[in-house]
Amino acid sequence: MFALYEDGGKFHAGRVMSETDASLQIELDSGKRVKVKAAQALLRFEQPAPADLLAEAQRLAAEVDLDLAWEFAPADDFGFATLAREYYDAKAGAERQASMLLALFGAPHYFRRLGRGQFKKAPEETVKAALLGIERKKQQAAQVAAWAAELAAGSCPAPIREQLYKILFKPDKSAPETKAVIEASRQAQRSPLDLLAAAGAIDSPYQFHWRRFLFENFPKGTGFPALQAPPIKDALPRADCAAFSIDDSATTEIDDALSVQGLGSGTVVLGIHIAAPGLAFGPDSALDKVARERLSTVYMPGHKLTMLPDSVVEAYTLTAGQDCPAVSLYATFDEATLEAKRFETRLERVPIVANLRHDELDAVITEATLTGGEPAPYAFAAELAFAFRLARHLKAGRETVRGKPEVFNRPDYSFRLVGAAGAEPRGDEAVQITTRRRGAPLDLIVAEAMILANSHWGGWIDSLGVPGIYRSQASLAPGVKVRMGTRAQPHAGIGVAQYTWATSPLRRYVDLVNQWQIIACARHGRTAALAAPFKPRDAQLFSIISAFDAAYAAYNGFQSAIERYWALRSLAQDGVRELDASVMKDGLVRADTLPLVFRATGAESLARGAHVRVRVAATDLLTLDLHASVLARLEAEPAAATADDAADEEADEAERAGPLTLAIDLDDGAGAADGEPVATAVAAAP
């Protein structure tokens, strides 16, 4: 005798060797003997042979009309043999009974399994819904196959083009568009990105990077709601000074300005004046919600996305020819020794008499003119000379605390897109990349003034029991990173006892938050802790820090990537085939005259710091890859690497844009002021 039994959802048949009330011992065709519970033995038969029965049952099961079987099935529980006799005939044999068992077992949308070969037919509504679902799946499968065929043939269906960034970076693997891409990639044995690029889904490499960034960071678009800049209601006194700002020509968010008073008197007052949107609106206002959602201005060559609407920026930016609301820090120094005597914070309106542009003045305002070695044919010559002398003094003091001098081993890079003035870049503009020496005189003046303000204000609000958002670094040891928190702690990298970000409130949200706290201190003094918008251990501050860290990292990552795009584009534009570079480590090199870190074949065995010439073999603007190999050594011995070199290399490696990382594959279907962008993105008229 033979028996058919079910085990783990699969059916087997074999010869019954022995039997008890509780179990059977069955020998399979392979010779293996298994012990089967009596309840698992669903059908006993004398003929045909087990293998023949299973083969015939599977053939007949595929022919069973499930709709008809459902009609014949009793309303109550029933066994498969009973339905086989109703469906076929009263003498239905073992093959037909087994075929009905397989058919019922494989159609759970028609029949519920009750165990031991018993079933119950599903309600009519359930069957209809299930059949509709099955039909939809069939249609979807057909659609997936059709789309996959189109992709493999080099054409991108419109639904896939519309879902391009979601498919690549935030895929829903149950969506037919994603399934089609994965299936086509498998068929064509190409990566999804290569496949989609070949199918014309990507308009241009630049648009790909730009749209991906917007998809991930601005899913609701980059527009602002219709908001008005509220007026400042405070009756602010007018400052008795003449302030000037120092920025590049493309800057619209002019956050800071300087003034110098008392030259020749023995006591000089340096005024550091910061734009004051915090006097116009506060936390939880409509403008605050906009700023908190965006968290920072996004910079890129030829374009930017401001943290606040243009109309709001225009209302509070420090524009020349106006008396602008400001939070001012007045630092009084001995003119001869440069010893700091006192500090005072005021809320006031500051006359801005000039907006100086360093890209127009760098060649004129030099160390020689500022120190008296050459004539100084420019406005504010005496004020700038004092500010430069003070900046060098402040820098030397920080370096004493820091334990070693600051060394700028790399230049700053400025990107100019010809023809992109006032418009979003297309990606095919001519690009001009120029260098500026880091720590140039005008940069040093501004940087040291901002460090002074950020450090002083951080200590001041802390002394009044008012929390703020700080940046700290425990030491200069390799791997010790700058962190954000709510406690005033030393910043070893800058060499100050504490450090906030409070001097860019028009373009960084943490600066705006800190400005609100500083304003409370200026208004209320020792009772400021009661009046400040954010109290000690306020959970909102930690939430702001977390959100800002994530957004700022994403924005800086995009800026680095898109600057790499323009740097790679400049190679083709200018016909560059060879580059001079310095070896870093693990085969990486850094170009001498472009902001490019890349892998060069042949550099793996060279010492860090070795100077080499590399041949550019190819560039890929979509993946931002540069393929190169070492041509020659340019010097016999590499320069000794310093700790600052190592820090620069760590930053370079972190910013290096490697091969694009996708979310699907075939297997699964700082400037001197700590963190300011080191590259200046500007646009030029034709």
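Numerical summary
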{"item": "The listed residue being out of contact with any Leu (no Cβ under 6 Å at 6 or more places or on another chain) and over 23 Å from GLU19 (Cβ atoms), out of ARG85, ARG44, ARG116", "result": "ARG85"}
{"item": "Output for the range 288-304, where each listed residue is assigned to a strand (DSSP E or B), open to solvent by 10 Å² or more (accessible area, probe 1.4 Å) and touching a Leu at 6+ places or on another chain (Cβ under 9 Å)", "result": "TYR299, HIS303"}
{"item": "Residue list for the range 316-350, restricted to those being open to solvent by less than 50 Å² (accessible area, probe 1.4 Å) and within 14 Å of ILE254 (Cα to Cα)", "result": "TYR316, THR317, LEU318, THR319, ALA320, CYS324, PRO325, ALA326, VAL327, VAL350"}
{"item": "Conditions (1) of a type outside the set (Lys, Arg); (2) touching an Asp or Glu at 6+ places or on another chain (Cβ under 7 Å); (3) assigned to a loop (DSSP other than H, G, I, E, B); number of the one not met by PRO533", "result": "(2)"}
{"item": "Selected residue (only one of ASP67, ASP21 is part of a helix (DSSP H, G or I), open to solvent by 70 Å² or more (accessible area, probe 1.4 Å) and either of a type in the set (Val, Ile, Thr) or out of contact with any Ser or Thr (no Cβ under 7 Å at 6 or more places or on another chain) (or both))", "result": "ASP67"}
{"item": "Residue list for the range 360-387, restricted to those being part of a helix (DSSP H, G or I), surrounded by fewer than 18 Cβ atoms within 10 Å (Cβ to Cβ) and charged (D, E, K, R)", "result": "GLU360, GLU367"}
{"item": "Boolean, ARG398 is at pLDDT below 90, closer than 21 Å to HIS491 by Cβ and open to solvent by less than 70 Å² (accessible area, probe 1.4 Å)", "result": "no"}
{"item": "Condition met for ARG487 (within 14 Å of SER455 (Cα to Cα), among the charged types (D, E, K, R) and out of contact with any helix residue (DSSP H, G or I) (no Cβ under 6 Å at 6 or more places or on another chain))", "result": "yes"}
{"item": "Count - residues of the range 29-49 that are open to solvent by 40 Å² or more (accessible area, probe 1.4 Å) and in a loop (DSSP other than H, G, I, E, B)", "result": "7"}
{"item": "Residue check for ALA551: in a helix (DSSP H, G or I) and out of contact with any strand residue (DSSP E or B) (no Cβ under 9 Å at 6 or more places or on another chain)", "result": "no"}
{"item": "Residues (outside any loop (DSSP other than H, G, I, E, B), open to solvent by less than 40 Å² (accessible area, probe 1.4 Å) and over 30 Å from PRO192 (Cα atoms)) located in the range 603-619", "result": "VAL612, VAL614"}
{"item": "Which listed residue, of VAL327, VAL312, is under 35 Å from the mean Cα position of the chain (by Cα), outside any strand (DSSP E or B) and of a type outside the set (Phe, Trp, Tyr)", "result": "VAL312"}
{"item": "Residues satisfying the stated conditions in the range 620-637, i.e. surrounded by fewer than 20 Cβ atoms within 10 Å (Cβ to Cβ) and not in a loop (DSSP other than H, G, I, E, B)", "result": "ASP620, ASP625, HIS627, SER629, LEU631, ALA632, ARG633"}
{"item": "Subset of the range 185-244 (residues that are farther than 25 Å from SER311 by Cα, among the basic types (Lys, Arg) and either in contact with an Asp or Glu (Cβ under 7 Å, 6 or more places away or on another chain) or assigned to a loop (DSSP other than H, G, I, E, B) (or both))", "result": "ARG190"}
{"item": "Every residue from the range 520-565 that is more than 30 Å from ARG590 (Cβ to Cβ) and touching a Pro at 6+ places or on another chain (Cβ under 9 Å)", "result": "ALA520, ALA529, ALA532, PRO533, PHE534, LYS535, PRO536, ARG537, ASP538, GLN540, LEU541"}
{"item": "Some residue of the range 43-52 being out of contact with any Gly (no Cβ under 9 Å at 6 or more places or on another chain), closer than 17 Å to ARG85 by Cα and charged (D, E, K, R)", "result": "yes"}
{"item": "Wholly within the range 73-166, helices (runs of 4 or more DSSP H) carrying at least 3 residues that are surrounded by fewer than 19 Cβ atoms within 10 Å (Cβ to Cβ) and not aromatic (Phe, Trp, Tyr)", "result": "80-87, 124-152, 158-162"}
{"item": "Positions within the range 339-376 being in contact with a Leu (Cβ under 8 Å, 6 or more places away or on another chain) and more than 30 Å from ALA280 (Cβ to Cβ), in sequence order", "result": "LEU361, ASP362, ILE365, LEU370, ALA376"}
{"item": "Only one of ALA581, ALA647, ALA683, ALA600 that is among the aliphatic types (A, V, I, L, M), modelled with pLDDT under 90 and either open to solvent by 70 Å² or more (accessible area, probe 1.4 Å) or not in a helix (DSSP H, G or I) (or both)", "result": "ALA683"}
{"item": "Set LEU356, LEU390: member being part of a helix (DSSP H, G or I) and open to solvent by less than 40 Å² (accessible area, probe 1.4 Å)", "result": "LEU390"}
{"item": "Count of residues meeting criterion [under 9 Å from GLY302 (Cβ atoms) and either open to solvent by less than 20 Å² (accessible area, probe 1.4 Å) or out of contact with any Gly (no Cβ under 9 Å at 6 or more places or on another chain) (or both)] in the range 420-447", "result": "4"}
{"item": "Among (1) over 24 Å from SER414 (Cβ atoms); (2) open to solvent by 10 Å² or more (accessible area, probe 1.4 Å) - the single one SER259 does not satisfy", "result": "(2)"}
{"item": "Given (1) surrounded by 14 or more Cβ atoms within 10 Å (Cβ to Cβ); (2) under 17 Å from GLN58 (Cα atoms), number of the condition GLY9 does not satisfy", "result": "(1)"}
{"item": "Residue pairs meeting the criteria (Cβ under 8 Å; at least 6 apart or on separate chains; first at pLDDT below 95 and acidic (Asp, Glu), in the range 247-274; second open to solvent by 10 Å² or more (accessible area, probe 1.4 Å) and part of a strand (DSSP E or B))", "result": "ASP247/ASN355; ASP247/LEU356; ASP247/ARG357; ASP248/ARG357; ASP248/SER414; ASP248/THR680; ASP248/VAL682"}
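The values are calculated or read from the model by the stated rules, or taken from the named source; none is laboratory data. For clarity, every value in this text was computed on a predicted model and none was experimentally measured. Methodologically, a virtual Cβ is constructed for each residue, glycine included, from the backbone with ideal geometry; neighbour enumeration extends over all protein chains shown. When the accessible area is computed, the model is the full protein with side chains, heavy atoms only, and any ligands, DNA or RNA have been set aside. Shrake-Rupley method; radii C 1.70, N 1.55, O 1.52, S 1.80 Å.
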